[in-house]
Amino acid sequence: MALSVGLSALPTAAALADLPPSFAPLVDQVKGAVVNISATEVEQVASNDDGDGNAQQLPPGMQEFMRRFGGGQGMRRMHPGQMKVAGSGFIVDPSGYVVTNNHVVKNGKDVKVTLQDGTSLNAKVVGTDPIGDLAVLKVDAGHPLPSVQFGDSNKTRVGDWVVSIGNPFGLGGTVTAGIVSANGRDVPTEEHSAYVDYLQIDAPINQGNSGGPTFNEEGKVIGINTAIYSPSGGSVGIGFAIPSNIAKPIVDQLEKSGAVTRGWLGVQMQPITPDMEDALGLNNTNGVVVADVVHDGPAAKAGLKSGDVIVGFGNQPVKNTHELALAVGDTKPGDTVPTKILRDGKEETIKVAIETLKQGKNGGMPDVSEGEKGGLGLNLAPLDKNTREQLGLANSTQGAVVAGVKPDSPAEQRGIQTGDLIVSIDNVKVESPADAADAVRKATKAGKKAVLVQINRDGNTALIAVPLKGDG
């Protein structure tokens, strides 16, 4: 019996010819600019250090998913309240400017940079950007230092070779290679990640690689290693790097002023779910729903309202919250941007004067809560003086309070809770339980499959699409 071998599955001669014979020349070219970074972080340290220190700071249930890797086994306990943090970085200017992640030096003191030849230098933190997770340090070696340049990450293709150099587990000067696995990744558990489109790479990176560079075949930095997906804390071939085209403008600002300026729209926004699509009368889920506008913020001043659907910002179409956050953040404060919205099924363009994002402001991060109303399994009560005091609401606040939720009702299934305040339904203000019931009746009569309910819970506003029962 003849045995057939599928030779077509083997690499072609042309493909093999494209493989680099060795990465050694590239490594020789750039390794002198890669440094190890250590800092004493002043922070309360848990007594049971299991090597997953940073992972424990992530939202519940997500520790196994995303681990920043400046710490964990890269940390060494000092005394209560202090721990030694190890990370990586790279020199971008011969005068001694060093780039790394913010989480490597955050809350740190006694920051030190160790060069490839073992020289240890005290470092000054020039500036940090917690939102972008970047920091710039400055060292004085007394002579010019080897440096590397940023490349153009927009030209990086999925499948391109990359080389990462860093300090995993304190093993300085470690080189790994791989390819770009994907681009444009939105890493959900990274704080403020809406402002970064990450490169995904499979070059092995581990705890201690944070802040280190990923190079293209030309020896240019096209990414800054920041996070890994890991059930175990070690590399499983899924790493995330901040693209150079996002990092370079941030680094330039940090070098010049020690801070970063971003645009601010002043809205709480939510993605459009299939339920919302019907409730809003849309044909698809492209766009962003405005859950609320910040009082006296740019959006409020321009006339944007809760329930508006943003489908365009400037010259860019908006498909989701991540795209809008990136576009707004990249806008220069003071610029007026035409913003395309859908309101009551009609398209409008509103010009918004963008302001400066300050720490603590919700500048476009999705903020999703849940709530609903009507004959959808809710018992509603009027908002009187006593209830306002109990809920800590201003005297001017209007709405209907959820006094009870029927088990297994559409409202309960969508997360409505006792104590939620119903503010509007289908963009119609609710000032009493009767208003809410009337809005649900009208929606049912109109043949709608769901109503869009705006709630306030603990001071946070959200829009929830709640299905209408077929039996009315």
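Throughout, read-outs are computed from the coordinates displayed, never taken from laboratory work. Everything quoted here is computed from the prediction, not taken from an experiment. Note that we place each Cβ from the backbone using ideal geometry, even for glycine, and neighbour counts take in every protein chain shown.
Taken as Cα centroids, segment 383-447 and segment 117-192 sit 50 Å apart, rounded to the nearest whole angstrom. Taking amide H atoms as placed 1.01 Å from N in the peptide plane, the amide H of VAL337 lies under 5 Å from those of VAL352, ALA353, ILE354, each 5 or more residues away in sequence or on another chain.
Seen from VAL251, the other residues with C-beta closer than 13 Å to its C-beta sum to a net charge of -2, counting Lys and Arg as +1 and Asp and Glu as -1.
Taking only pairs that are 8 or more places apart or on different chains, how many Lys pairs in segment 378-467 have Cα atoms under 21 angstrom apart?
For segment 378-467, the number of qualifying lysine pairs is 6.
Taking θ as phi - 60° and the Karplus parameters 6.51, -1.76 and 1.60, the scalar couplings of segment 211-216 work out to x, x, x, 10, 9, 8 Hz in sequence order, x denoting glycine and proline. Among the listed pairs LYS112/LYS220; LYS301/LYS340; LYS84/LYS109, those with a Cα-Cα distance over 20 Å are LYS112/LYS220.
Computed from backbone phi, the HN-Hα couplings of segment 316-325 come to 9, x, 10, 9, 7, 4, 5, 5, 5, 4 Hz, rounded to whole numbers (Karplus: 6.51 cos²θ - 1.76 cosθ + 1.60, θ = phi - 60°; Gly and Pro given as x). Working from label points 7 Å from Cα in the Cα-to-Cβ sense, the ALA434 to GLN413 distance is 3.1 nm. Per-residue Cβ neighbour counts within 10 Å put TRP264, TRP161 in the sequence TRP161, TRP264, beginning with the fewest.
Residues whose amide H comes within less than 5 Å of that of ASP292, counting only those at least five positions distant or on another chain, are GLN268 (H built at 1.01 Å from N in the peptide plane).
For the residue pairs LYS155/LYS256; LYS155/LYS248; LYS138/LYS358, the C-alpha atoms sit more than 20 angstrom apart in LYS155/LYS256; LYS138/LYS358. The ranking of ILE179, ILE455, ILE272 by Cβ neighbour count inside 10 Å, starting from the fewest, reads ILE179, ILE272, ILE455. Each residue of segment 414-419 is assigned a 3J(HN,Hα), and the resulting list reads 8, x, 5, 10, 4, x Hz, derived from the Karplus form 6.51 cos²θ - 1.76 cosθ + 1.60 (θ = phi - 60°), x at Gly and Pro. Residues whose amide H falls under 5 Å from that of GLY287, counting only those 5 or more places apart or on a different chain, are LYS319, ASN320, with hydrogens built in the peptide plane.
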